[in-house]
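Comments concern the structure below.
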Amino acid sequence: MTNKLHFLPYTADMIEPVIALYQQTFADAEGEAEGKNIGGLVRSMLTTTGADDLFGFVAMLNDNYVGAILFTRMCFEIPVNSFILSPVAVSTKVQKQGIGQQLINHGIGQLAEQGAELLLTYGDPNYYSKVGFEPITEQQIKAPQPMSFPHGWLGQSLVAETVPSISGDSRCVDALNKPEYW
């Protein structure tokens, strides 16, 4: 049997396996406490964020959940159809095979089709640059919380060549709007 990788939109019936995937992936990488922390973040995001403010996608290999990403709404003082990509998980059993990048690119394409204009993320610039994100500064777009890792603030315009500058404050969904995630 050949391995068949495919991507699906997140649906509410996937909540427990998706949380388990995030928890296990982050526990493997950063320890049990971080696994529980990220599992709790994902549960909160999936149960408290409105449907218009949340897009999730999963990667399935045969019948197994091997990857998941969440995009949640970002708001600014001016209207911009914007989302933040966070968090991303790819099972440690299948990492380094390009599944994460394929899943992110799938999600970006789906959001572009839905009219998203701007995507942000907060993570490893070396990884996210492979899927079109570029470093931005807080002068360009202010993060919702003070960042402990400012060089990880990244953006991608889906409608222009460069990421715009947006003055004023930003706001993310409540589940993500906690200092420990920034």
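The values are calculated or read from the model by the stated rules, or taken from the named source; none is laboratory data. Everything numeric in this text was worked out from a predicted model, so none of it was measured. Neighbour counts run over all protein chains shown; Cβ positions are idealised from the backbone, glycine included. Just the protein is used for accessible areas: all its heavy atoms, side chains included, with ligands, DNA and RNA removed. Shrake-Rupley method; radii C 1.70, N 1.55, O 1.52, S 1.80 Å.
Here are some residues: LYS130, LYS96, LYS142. Which one is of a type in the set (Lys, Arg) and farther than 30 Å from LEU5 by Cβ? Break it down stepwise before answering.
Values: LYS130 fails: farther than 30 Å from LEU5 by Cβ; LYS96 fails: farther than 30 Å from LEU5 by Cβ.
LYS142 is the lone residue from the list that is of a type in the set (Lys, Arg) and farther than 30 Å from LEU5 by Cβ.
Looking only at residues that are of a type outside the set (A, V, I, L, M) and touching a Phe, Trp or Tyr at 6+ places or on another chain (Cβ under 8 Å) in the range 160-170, which one is most open to solvent (accessible area, probe 1.4 Å)?
So the first thing to find is which residues in the range 160-170 are of a type outside the set (A, V, I, L, M), and the list is 161-162, 164-165, 167-170.
Retained after the next criterion (residues that are touching a Phe, Trp or Tyr at 6+ places or on another chain (Cβ under 8 Å)): 168-170.
Values: GLY168: 32, ASP169: 84, SER170: 17 Å².
Among those residues, the one meeting the criterion is ASP169.
Go through the range 35-65 and give me each residue that's part of a helix (DSSP H, G or I), of a type in the set (Asp, Glu) and surrounded by fewer than 15 Cβ atoms within 10 Å (Cβ to Cβ).
ASP52
Does the range 71-127 hold any residues that are in contact with a strand residue (DSSP E or B) (Cβ under 8 Å, 6 or more places away or on another chain), farther than 22 Å from ASN177 by Cα and among the basic types (Lys, Arg), and which are they?
LYS93
Applying the selection to the range 109-122, what residues are open to solvent by 10 Å² or more (accessible area, probe 1.4 Å), within 22 Å of CYS75 (Cβ to Cβ) and of a type outside the set (Ser, Thr, Tyr)? Show your work before the answer.
Pass one, the range 109-122, residues open to solvent by 10 Å² or more (accessible area, probe 1.4 Å): 109-110, 112-115, 117, 122.
From what's left, within 22 Å of CYS75 (Cβ to Cβ): 110, 112-115, 117, 122.
Listed by number, the residues that qualify are GLN110, ALA112, GLU113, GLN114, GLY115, GLU117.
From the list ALA51, ALA143, ALA68, ALA116, exactly one residue is of a type in the set (A, V, I, L, M, F, W, C) and in contact with a helix residue (DSSP H, G or I) (Cβ under 6 Å, 6 or more places away or on another chain). Which is it?
Values: ALA51 fails: in contact with a helix residue (DSSP H, G or I) (Cβ under 6 Å, 6 or more places away or on another chain); ALA143 fails: in contact with a helix residue (DSSP H, G or I) (Cβ under 6 Å, 6 or more places away or on another chain); ALA116 fails: in contact with a helix residue (DSSP H, G or I) (Cβ under 6 Å, 6 or more places away or on another chain).
Selected residue: ALA68, the only one of ALA51, ALA143, ALA68, ALA116 that is of a type in the set (A, V, I, L, M, F, W, C) and in contact with a helix residue (DSSP H, G or I) (Cβ under 6 Å, 6 or more places away or on another chain).
So, in the range 145-159, exactly how many residues are over 16 Å from the mean Cα position of the chain (by Cα) and open to solvent by less than 70 Å² (accessible area, probe 1.4 Å)? Step through it out loud before you land on a result.
Start the filter on the range 145-159 by keeping residues that are over 16 Å from the mean Cα position of the chain (by Cα), which leaves 145-151, 159.
This time we only want the ones that are open to solvent by less than 70 Å² (accessible area, probe 1.4 Å), so: 145, 147.
The qualifying residues number 2.
Check whether at least one residue in the range 71-80 is more than 18 Å from HIS106 (Cα to Cα), of a type in the set (Phe, Trp, Tyr) and open to solvent by less than 60 Å² (accessible area, probe 1.4 Å), and report yes or no. Write out each step before concluding.
Our first condition is that a residue be more than 18 Å from HIS106 (Cα to Cα); within the range 71-80, this holds for 74-80.
The next check asks that each one be of a type in the set (Phe, Trp, Tyr); those that pass are 76.
Now restrict to residues that are open to solvent by less than 60 Å² (accessible area, probe 1.4 Å): 76.
Within the range 71-80, one or more residues are more than 18 Å from HIS106 (Cα to Cα), of a type in the set (Phe, Trp, Tyr) and open to solvent by less than 60 Å² (accessible area, probe 1.4 Å).
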